[in-house]
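In what follows, a single structure is set out as structure tokens and then discussed.
The values are calculated or read from the model by the stated rules, or taken from the named source; none is laboratory data. Since the structure is predicted, the reported quantities are computational estimates derived from the model, not experimental observations. We place every Cβ from the backbone using ideal geometry, glycine too, and count neighbours over all the protein chains shown. Just the protein is used for accessible areas: all its heavy atoms, side chains included, with ligands, DNA and RNA removed. Shrake-Rupley method; radii C 1.70, N 1.55, O 1.52, S 1.80 Å.
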Amino acid sequence: MPKIRFNGQSYDVTSGKTVLDVLLANGQDVECGCKAGSCGSCAMRASGGPIPPESQRNLSHAQRERGVFLPCRCQPSGDLDICRVDEQSPQSQQKQWSATITDHRQLSESVVRIAMAQPDGFAFKGGQFINIIRDDGQSRPYLLASVGGIEAHLDLHIRRVEDGDFSRWLCDDVKVGDPLSFSGPSGSCHYRAGRSSDGLLLICTGTGLAPMWAVLRDAMYQGHRGPIRLYHGGRDESTLYMIDTLRTMSASRPNFKYFPVLKEQSAMPGFRLGTLEQAISTDFDSLDAWRVYIAGNPEMVRSVQKLAFLKGTRMNDLIADPFVRAAAPVGV
Amino acid sequence: MATIYEQIGGEKSIDAAVERFYRKVLGDERISRFFDDVEMQTQMSKQRAFLTMVLGGPNNYTGRDMRSSHERLVAMGLNDEHFDAVVEHLGRTLAELGVPANLIAQIASIAESVRNDVLNRDSSPVGARG
């Protein structure tokens with residue numbers, strides 16, 4: 001008989017019962033509405049076993065990739081670990097990898113690039129994140145800036161946070177040749193092939209640029225034909241990086257444009273003044289046929305997500321990984 | 001006789017309606033604050049639940065669920081005007097999707113039937129409490 005594990009408890013799922021039935025019968029506080037797979041209010045996340053396809057029918061790509069399913073439509077064939085949608089699955093269940101650092105250098109005063117050799121058997125998509133694990137057991141999520149399947153290394157952008165012990169360790173202590181342990185990858189902030197004439201709108205602050213850099217190049221490798229726009233926002237020039245690289249690319253690629261947006265007036269030419277929200281509002285009347293990626297400062301992510309949705313982006317095409325946001329103060 | 005839910009195309013019509021409806025609600029300054037502090041994906045599943053219910057789809061809500069899930073919003077000031085605005089957006093959404101006026105009226109009356117539970121007050125007629 002299949003078992004489900006939830007909140008440290010384990011329950012048998014008897015034949016004919018759904019995961020929702022079992023959770024409710026055992027007094028677990030689970031929100032639900034229609035109990036028929038239509039309303040989506042009971043959605044949870046599962047890992048560790050096959051998720052029945054009928055329990056994921058009404059969900060978005062991103063949700064399915066994260067293991068979101070509807071307990072009311074789920075009669076599992078094997079054991080499942082279950083958690084609430086906004087919880088991360090326990091790290092102990094994830095396989096750990098180790099890779100050697102092949103490059104470690106400053107991209108700007110506050111951002112360091114770390115590249116690692118891709119371990120055998122490790123597959124990823126650019127824009128997903130991995131959890132770097134230190135010897136003392138502490139771990140932090142970082143987004144991958146390299147393109148899986150094409151580039152054989154893992155690229156991370158790390159912002160040095162002055163009072164952040166973990167980021168200072170990665171920026172100042174580790175060096176080329178050192179091994180780093182990590183788990184993952186997870187997250188859905190990556191390019192998806194298909195609908196190649198859609199617009200791609202990439203919006204980020206800080207090292208939220210890492211996944212955008214991956215999505216941008218993945219789209220180009222895959223021959224994306226629609227317009228691609230990258231907006232990188234910050235307070236002043238020192239909060240941005242890779243400006244010259246992106247400007248060069250913007251000048252040479254007909255379907256790509258890069259907009260650095262600063263809140264403070266710059267003495268240098270070529271920067272937009274204002275917030276990302278203002279720039280998007282000015283530049284786009286409708287975002288109907290656009291896929292919108294957002295990463296960085298959680299407040300910005302929230303407000304740009306809403307703005308894009310109101311301008312017509314479909315919910316399925318709004319890609320703002322909730323873990324990206326949850327991890328923002330440290331990893332992004 | 002087919003239910004309203006079946007008459008307007010079942011689950012497919014919910015798919016078509018839910019984004020349209022949520023976009024209207026979120027874009028309406030009178031009420032957007034009630035829909036603003038929850039993750040959008042989660043919030044949209046709640047809109048989906050609401051539409052499924054008022055369109056007569058499978059539904060196991062009880063009055064108690066309706067009350068407890070809106071308690072926090074009532075504390076934030078949720079009142080009849082806001083409820084009216086939501087019903088208005090519901091009607092517009094369905095009209096845009098080509099649902100006939102007589103069905104929209106029936107659907108609005110289903111929405112009306114949960115007004116007192118949503119607003120957390122007695123089920124006696126409006127005004128009867130003095």
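Would you mind calculating the relative contact order of chain B from Cα pairs under 8 angstrom and at least 6 residues apart, reporting the percent as a whole number? Kindly include the intermediate steps, with their values, before the conclusion.
Numbers: 90 pairs, mean separation 41.6, N = 130.
Value for chain B: 32 percent.
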Study note, to complete from the structure: GNM of chain A, Cα pairs under 10 angstrom: of A:Ser183, A:Ser167, A:Ser252, the biggest fluctuation goes to A:Ser252
Point to revise | region A:139-185-region B:1-22 distance, computed between alpha-carbon centres (Å) | key: 47
Review point. Which value, in nm² and rounded to one decimal, describes the direction-averaged projected area of the C-alpha convex hull of the protein assembly as shown?
Key: 25.7
Point to revise | Part-to-part distance (alpha-carbon centres) for region B:30-71 and region A:212-256, which is given in Å | key: 39
Check your understanding: What Cys residues in chain A have no fellow cysteine's beta-carbon under 4.7 angstrom?
Key -> A:Cys72, A:Cys74, A:Cys83, A:Cys171, A:Cys189, A:Cys204
Practice item. Mind scanning A:Lys125/A:Lys263; A:Lys35/A:Lys306; A:Lys35/B:Lys12; A:Lys175/A:Lys257; A:Lys35/A:Lys95; B:Lys12/B:Lys46 and naming the pairs with a C-alpha gap bigger than 23 Å? Key: A:Lys125/A:Lys263; A:Lys35/A:Lys306; A:Lys175/A:Lys257; A:Lys35/A:Lys95
Practice item. Would you mind checking the tilt of helix A:243-252 against the longest principal axis of the Cα atoms of chain A, expressed as 0 to 90 degrees and rounded to 10? Key: 90
**Study point:** Among A:Pro254, A:Pro298, A:Pro119, residue whose mean-square fluctuation peaks in a GNM of chain A (springs only between Cα atoms under 10 Å)
**Key:** A:Pro254
Check your understanding: With a ≥ b ≥ c the root eigenvalues of the C-alpha gyration tensor of region A:146-203, is it rounded (a/c under 1.5), prolate (a/b larger than b/c) or oblate?
Key -> prolate
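Relative contact order for chain A: what percent, with Cα pairs under 8 Å and sequence separation of 6 or more? Please report the intermediate quantities before stating the final value.
On the way: 703 pairs, mean separation 45.7, N = 332.
RCO, chain A: 14 percent.
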Practice item. Report, by chain and number, residues whose modeled amide H sits under 5 Å from the one on A:Asp198, excluding near sequence neighbours (fewer than 5 apart, same chain). Key: A:Gly226
Revision key, fill the gap. Quick shape check on region B:50-104: root eigenvalues a ≥ b ≥ c of the Cα gyration tensor, a/c under 1.5 is rounded, otherwise prolate if a/b tops b/c, else oblate, and it reads oblate
Check your understanding: Probe 1.4 Å, all protein chains in place: accessible area of B:Val38 in Å², nearest 10?
Key -> 30
**Study point:** Percent accessible area from carbon and sulfur atoms, region A:93-202, protein chains only, probe 1.4 Å
**Key:** 45
Practice item. Enter the accessible area of B:Thr62 (Å², nearest 10), with the probe set to 1.4 Å and all protein chains included. Key: 60
Exercise for review: Would you mind giving the mean number of other chain beta-carbons within 10 Å of the Cβ of each residue in A:261-272, as a whole number?
Suggested key: 0
Check your understanding: Once all Cα-Cα distances of region A:134-279 are split into 5 Å bins that start at 0, what whole-number percent is in each one?
Key -> 2, 8, 16, 19, 19, 16, 11, 7, 3, 0
Revision key, fill the gap. Taking alpha-carbon centroids only, region A:65-80 lies from region A:277-324 a number of Å equal to 29
Review point. Can you list, bin by bin at 10 Å, the percent of alpha carbon pairs in chain B, starting at 0?
Key: 12, 45, 35, 8, 0
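Mind checking the mean number of beta-carbon atoms from other chains within 10 Å of the Cβ atoms in A:306-319?
On the way: counts 6, 0, 0, 7, 6, 2, 2, 2, 2, 7, 2, 0, 2, 0.
The mean count of partner-chain Cβ atoms within 10 Å per residue comes to 3.
What is the mean number of Cβ atoms from other protein chains located within 10 Å of the Cβ atom of each residue in peptide B:12-23, rounded to a whole number? Each step should come with its number before you reach the end.
On the way: counts 0, 0, 4, 2, 0, 0, 4, 6, 0, 0, 3, 7.
So the per-residue partner count for this stretch is 2.
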Study note, to complete from the structure: Per GNM of chain A with C-alpha springs under 10 angstrom, the most fluctuating residue out of A:Val292, A:Val301, A:Val174 is A:Val174
Check your understanding: Relative contact order, percent, of region A:1-131 when contacts are C-alpha pairs under 8 Å separated by at least 6 residues?
Key -> 23
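Which loop-located GluC sites (Glu not before Pro) does region B:11-85 contain, where loop means any DSSP state but H, G, I, E or B and the Cβ has at most 16 other Cβ atoms within 10 Å?
On the way: sites: B:Glu11, B:Glu19, B:Glu29, B:Glu39, B:Glu71, B:Glu81; in loops: B:Glu29, B:Glu39.
Here the sparse-neighbourhood loop sites are B:Glu29, B:Glu39.
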**Study point:** ³J(HN,Hα), Karplus 6.51/-1.76/1.60, whole Hz, each residue of region A:145-160, x for Gly, Pro
**Key:** 9, 9, 9, x, x, 10, 9, 8, 9, 9, 10, 10, 10, 10, 8, 6
